[in-house]
Each structure stands twice: as C-alpha cells, then as structure tokens.
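The values are calculated or read from the model by the stated rules, or taken from the named source; none is laboratory data. Quick caveat: nothing in here was measured; it's all calculated off a predicted structure. Neighbour counts run over all protein chains shown; Cβ positions are idealised from the backbone, glycine included. Only protein heavy atoms, including side chains, enter the accessible area calculation; ligands, DNA and RNA are left aside. Shrake-Rupley method; radii C 1.70, N 1.55, O 1.52, S 1.80 Å.
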Amino acid sequence: MIQVKGYAAQSATSVLAPFSFERRQLGPKDILIDIAYCGICHSDIHQVKNEWGGSRYPMVPGHEIVGRVSKVGNQVNHFRVGDPAGVGCFVDSCRSCPSCKENEEQYCEGHLVSTYNNIEKDGKTPTFGGYSSKIVVDEDYALRIASELPLERIAPLLCAGVTTYSPLKQWNVERGTRVGILGLGGLGHMGVKLAVAMGAEVSVLSHSPHKEADARKLGAHHFISTQQSNLGEVFANHFDLILDTVSAPHDLNMYLSTVKKDGTMVLLGVPPESTKIAAFPLILKRRRLAGSLIGGIKETQEMLDFCAENSIGADVEVISALEINTAYERTLKGDVKYRFAIDCKTF
Ligand code: NAP
Ligand code: ZN
Ligand code: ZN
C-alpha cells in the first residue's frame, strides 16, 4: 500500500485535521499522482457538514486535483512519469450503462464512484479526495493538462470549470447569446470567463454589490445587483440562459421571469433546502428550468483544452494545509477571490 498524508473531517461538526491513510498499489492501468494543488469547492463544505445527508467519515474532501505523475502501471498509454495530470469529481463508473457509453459518466446509471465520500467498486474501500499528498487513479479517469498556466490556476477547472462549461455547451452558447451568471463565487467566476470566451454577452447577477469591479475585470459586460426588488420587471424576458450557482436557499421565481421565451435557467448550486417554484413564470413564456451535474471525462478534457487555447485559468488564493478551516469560514462569508487552492506539499 502507498502511505498518504492528508486532512480529514471525522464528523459533521468537527474541523478538518491531519489524517494518514493508504492508497492501493498501482494496477496495470493506474497512475500515481503527486498532488500539487487541490481547490476548495463549496460542495466540499456541504459534504463535510453533511448538508446533503449520507456523508461518510472520516472524509478527506477534494475533487479539484492537479499534480504530476510519479509512477505508471504497465498498461498505461496516455501518461508518462513527470506529466501534469488532473482528477475531477469521480474516479470510476460502471462503464457499461447508456450514460457511460455516451461519455456522460457523471450521469452513470450504475455506480458512479465519486472522488471522495463514496466507496470503490469493490463495495468496501472508501474513496478519499485531494486534500492529500498523493492519489492513485485509473488513467481513463485522469485528465491531461496542456496549459502553460501555473498548476494552481488549473485545479479549479476540474470541477468549477467543467460544471459551468458543460451547460454553456449544452445550451449552445455562442456569439451574442445573453447569459446571466447568478452568484459570483468559484463556479460563477469560471462561468463568466468561459461564457465571455465563447462570445456571449455576459451579466453577473450578484447579492454582493462590492463585486462589480471584479465582475467587469473578469470580462462581464454588465453587473446586476440582486438586492433590487424589481429586478424581475426591469430585466423581464432578457436572458437566453441563466446559470444559477448560488449555494444558499433563494427565490428562483424572480430570476425565472428574467429569462426569454423558450430560454432556460440551469440550476448548478445545491442549497441544502429546496425552494418553491411558481407555475406562471414557466408557463407564460414556455421557459425551462433545468439542472446540470459537472461533466464527463471527454467533456472535461475538451474544457481543459479550450482553457489552454484561450489561456483561461481560475483566480486563486493559495493556502497551506493549516489554513483549510479558515478558508472554509471565509468561503461561507463570500470572502474569496475566487477559489482557494491548497498547496498539497504542506500536508
Ligand atoms: P462559492 O464559491 O461559495 O459561491 C457561491 C456564491 O453564491 C457566492 O459567491 C455568492 O455570490 C452566492 N451566495 C452565497 N450565499 C448567498 C446567499 N445567502 N444569498 C444569495 N447568494 C449567495 O461556491 P461554489 O464553489 O461556486 O459552489 C456553488 C454551488 O454549486 C454550491 O452549492 C456547490 O455545492 C454547487 N456545485 C454544483 C456542481 C454541479 O455539478 N452542479 C458542481 C460544483 C459545485 P454573490 O456574492 O455574487 O451573490
Ligand atoms: Zn466541486
Ligand atoms: Zn455507467
């Protein structure tokens, strides 16, 4: 077995603390990655605090993983020792259901093995994530990194990047599409960069007026404060597509009325409590309310290559392992520009 150091939560109410564990020895198709950086996604916080239910402890969170390959199994084809590599939100899937065959493993109808807070296909080994020094992963579930940007700026692409890229592609965003990004956090700031790179006319809808200058620096064309109570009327029938990245409960109905006829509002954020949807905002303009989950391996690779071509990386604040708990508190307060990346050499 391979000895690994990391940080884990022992319960829904404990802070994260140092934790040593073992990873499997390499199988023929496995690669060993020495993790350089791991992003802190708000989903890590939801799961550590068991806000979605079903959390497993000890939990080593982290699914925005980048590092360098330090060992390869004898049947590995796509990675060599020294290559940069990434791991996102899952490390295996059933590989045989229709979704897996359509390269949409994230919607696997069998067993999607998430990078942490799950069990391997053997039915017993817990999965531990990227708040750690090393990870072993089947090369089919690892991503190649061609970008010239520093690795810490690539890490958040593995979740925040693909989670926003996938719906922008699914709903055919192109030059001139009017896109609204609701919530300017880790996902939101990637959504702005990606939608701008695709040529969209991008508005940030934010409950934090002080983020206006940042939104514009990120490339957004407009900034709309969601504090204004008549937003639904002022921007009625305005957007082709809204990506809702908000992590806390909020009223969706007001935002629905800002969507054009046949337009779509896509839920990406997963607030712990559900919200009421009124029928009229949907019915009156044949609007659609949809959801979207991360992206498949093929699409994640496409997104990484798109970001490499367009020099897109996340805006990150690099922290050491000792700062993880403070980073959680700061993320909850919206005090991060716009993603924390843990320096995994500090475990
Ligand atoms: P984040 O960095 O904390 O950003 C969330 C943003 O939501 C904040 O920056 C803030 O934007 C807004 N917000 C927070 N509290 C609010 C409140 N009380 N009222 C109104 N707005 C509030 O989180 P993230 O990492 O981007 O993740 C966002 C959500 O997406 C989380 O729920 C996460 O679990 C989920 N997620 C889903 C997927 C998926 O596959 N669908 C993947 C990853 C993450 P403003 O200050 O601009 O208003
Ligand atoms: Zn995530
Ligand atoms: Zn499957």
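Please give the length that would be gained between VAL234 and ASP343 if that part of the chain were fully extended, namely 0.36 nm times their separation in residues minus their C-alpha to C-alpha distance (nm, one decimal). Extra length available between VAL234 and ASP343 comes to 34.8 nm. A cut-off under 13 angstrom between Cβ atoms defines the neighbours of SER99, and their net charge, with Lys, Arg +1 and Asp, Glu -1, is -2.
Computed with a 1.4 Å probe over protein heavy atoms only, the accessible surface of the range 161-291 comes to 44 Å² per residue.
Calculated over the range 35-125, the projected area of the Cα convex hull averaged across directions stands at 7.1 nm². When all protein chains stay in place and ligands, DNA and RNA are ignored, the 1.4 Å accessible-area order of ARG153, ARG286, ARG175, largest first, is ARG175, ARG286, ARG153.
Solvent-accessible area of the range 210-325 (1.4 angstrom probe, protein heavy atoms only): carbon and sulfur portion equals 54 percent.
Computed over protein heavy atoms with a 1.4 Å probe, the accessible surface of the range 1-157 works out to 42 Å² per residue. Under 26 Å of direct C-alpha separation, and excluding same-chain neighbours fewer than eight residues apart, LYS276 reaches these lysines: LYS49, LYS260, LYS261, LYS285, LYS333.
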